[in-house]
1. Provide the net charge surrounding Q65, with neighbours chosen by a C-beta distance below 12 Å and charges set as Lys +1, Arg +1, Asp -1, Glu -1.
2. For region 218-352, how big is the tail of P(r) above 18 Å, as a whole percent of Cα pairs?
3. Per q in 0.21, 0.25 Å⁻¹, report the Debye log10 I(q)/I(0) for region 1-83, using one uniform scatterer on each alpha carbon and no solvent.
4. Which value, in debye to the nearest 20, gives the size of the charge dipole of region 48-90 about its Cα centre, when Lys and Arg are +1 and Asp and Glu are -1 at the Cβ?
5. Give the residue from V347, F323, A307 lying farthest towards the positive end of the charge dipole for region 266-352; charges sit on Cβ (+1 for Lys and Arg, -1 for Asp and Glu) and the dipole is referred to the Cα centre.
6. Scan around G264 for amide H atoms under 5 Å from its own, H built in the peptide plane at 1.01 Å from N, and keep only partners 5 or more places away or cross-chain.
7. Aspartates and glutamates within cross-link reach of K61: Cα-Cα under 16 Å, excluding same-chain residues under 8 positions apart?
8. For region 282-352, how big is Rg over Rh, using alpha carbon atoms and the Kirkwood form of Rh?
Amino acid sequence: MATLPQIAVLGAGIFVKTQYIPRLAEISHLFCLKYIWSRSEESSRRAVEIAKQHFPGVECKWGDQGLNDIMQDSSLIGTAVVLAGQVQVDISLKLLKAGKHVIQGIPEIETALASYKSVSTNPGQPIWAVAENYRFEPAFVESKKLVAGVGDMMNVQVIIEGSMNSSNPYFSSSWRRNFEGGFILDMGVHFIAGLRMIVGCEVTSVSAITSHIDRTLPPPDIISSNFKLENGCSGVFVMVVSSSSPKIIWRVVGSKGTVQVERGKVDGKHGYLVSLYSADGQCKSTFHPFCGVHEELKIFIHDIVQANLKQGNGYEAEPRSSFVEGARDVAVLEAMLESGSKGGTLVNVKKF
């Protein structure tokens, strides 16, 4: 029986304990979780205590020495970096330079990409994948196919009425409050990923107005933006970080029908309802429970195993998890925030 690939998780916060560990447990037959690292011993031990229910052999690592141990462990091939946005890139680059494959969230992009290209120019370059990625949700895979059948694209609407209030576990997250773009960037990047996946083309320019109403949140907490796609279609992106009536919708209006994706709950399961409204007035709907994190982690494990087997010969990882895709998501939101800071000036989206 082949030896299972060994990975480490760097980070021990809310998302690791409530999402990553349970999702990793679902695919525990594919790998061995060797370490959980945190900046402090206490937080690492707390996360390991939870993980031991599924991964009895997992060990604690913390601080600079623990990070060095992980980088120097030749048996370890993959890492999941689930840290505050301000430090993710630095840690990820260190791991990549040490030859480790990395999956992580989306923070600062331009310097990250430039640094990644300098890590290695050979075909065996480590994989740098994007996590928490809506492109892996089956709802968006299906809706992209449906959009192809509704004729000419006429208009696109993305409406986000969030629920980031004091009852949300991420509300008091200090790094999100001290992060440029705050909750708009941290939350919004996922909704832009969903938008780009559904329409199947790039956002080329935006014009946005931002405002700050809820003083318990960092500014801005509201953004309303017009955008133009490279196919010539226009759309709107509206995001309210905290509302009293949460609602999340993507809607593509075509000449022969409309596709809508709405976040919701069916039979106690959270997920997305995908609806196709045809020209004859009929509507067909399918509900897809959340499973994107599960899918992206499963594919990441597959990719790093294949990359290791073909080391030196090159391996093309799953394109949906490409760090460049993450850069393109962030670029759209950064253009919107820039436009908002300039009173709605038209801003072209940076290309990667």
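The values are calculated or read from the model by the stated rules, or taken from the named source; none is laboratory data. Small disclaimer: the values here were computed from a predicted structure and weren't measured. All Cβ positions, even for glycine, are placed from backbone atoms using ideal geometry, and neighbour counts span all protein chains on display. Please note that ligands, DNA and RNA were not included when accessible areas were found on the heavy atoms of the full protein model with its side chains. Shrake-Rupley method; radii C 1.70, N 1.55, O 1.52, S 1.80 Å.
1. Numbers: positive: R39, K61; negative: E41, D64, D69.
Summing Lys and Arg as +1 and Asp and Glu as -1 gives -1.
2. In whole percent, the share of Cα-Cα pairs in region 218-352 beyond 18 Å is 72.
3. Rounded to two decimals, the profile gives -0.91, -1.29.
4. Working: 2 positive and 6 negative charges, 30 e Å.
Here the size comes out at about 140 debye.
5. Most positive-ward Cα: V347.
6. Correct list: G271, Y272, L273.
7. E41, E42, E49, D69, D73
8. Expressed as Rg/Rh, it is 1.18.
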